[in-house]
Amino acid sequence: GSNFFVVGFHEPCGVCTPPSLSTWNATGEGKQIKVLGAHADEILKLVQHPKEPVMVTTSADKTVKVWNPETGANTKTLTGLNDYVFAAAISPDAKQVYTGGYDGQVRIFDAEHGTLIKTFVPVPMKK
């Protein structure tokens with residue numbers, strides 16, 4: 001479409017605000033359309049599904065947020081993560097969200113209900 005998403009940290013005047021996700025018009029004057037929402041700490045990743053209206057942001061606040069980019073709604077906040085979440089992927093059918101964080105764990109969540117499906121815990125390497 002003619003809109004794009006931007007992760008932001010500050011208002012134009014330089015006053016620090018919570019890290020937010022906003023949508024901007026990519027044509028014409030390139031104006032900000034609206035601020036969709038925020039995390040409590042730095043947003044580390046934004047992933048958008050190529051076909052379905054699903055988008056995911058990961059954060060240093062130990063949460064993952066699932067968004068509908070068409071409406072701007074935060075449809076789910078995935079919690080129960082132990083550390084910064086820096087990686088995310090969305091399944092081809094957009095029904096699952098995969099996350100990875102600094103705790104070394106990979107998690108699979110149900111995108112619609114926000115429930116944890118499975119956690120993969122790293123095995124310590126032998127010396």
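The values are calculated or read from the model by the stated rules, or taken from the named source; none is laboratory data. The structure displayed is predicted, hence computed values, not measured ones. We place every Cβ from the backbone using ideal geometry, glycine too, and count neighbours over all the protein chains shown. Keep in mind that these areas ignore ligands, DNA and RNA; they rest on the heavy atoms of the full protein, side chains included. Shrake-Rupley method; radii C 1.70, N 1.55, O 1.52, S 1.80 Å.
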With respect to Lys51, determine if the residue is over 30 Å from Val123 (Cα atoms), at pLDDT 90 or above and surrounded by fewer than 17 Cβ atoms within 10 Å (Cβ to Cβ). yes
So, in the range 71-109, exactly how many residues are charged (D, E, K, R) and closer than 27 Å to Val35 by Cβ? 2
Can Lys76 be described as charged (D, E, K, R) and more than 25 Å from Pro124 (Cβ to Cβ)? yes
Hey, can you tell me all the residues within the range 66-87 that are open to solvent by 20 Å² or more (accessible area, probe 1.4 Å), touching a residue at least 40 places away in the same chain (Cβ under 8 Å) and assigned to a strand (DSSP E or B)? Phe86, Ala87
Which one of these does Pro92 not meet: (1) modelled with pLDDT of 95 or more; (2) under 18 Å from Gln48 (Cβ atoms); (3) in a strand (DSSP E or B)? (3)
Looking at (1) surrounded by 19 or more Cβ atoms within 10 Å (Cβ to Cβ); (2) touching a Ser or Thr at 6+ places or on another chain (Cβ under 8 Å); (3) in contact (Cβ under 8 Å) with a residue 24 or more places away in the chain; (4) among the hydroxyl-bearing types (Ser, Thr, Tyr), which is the only condition Thr27 fails? (1)
The lone exception for Lys118 - which of (1) surrounded by 15 or more Cβ atoms within 10 Å (Cβ to Cβ); (2) free of Cβ contacts under 8 Å to residues at least 24 places away in the same chain it fails: (1)
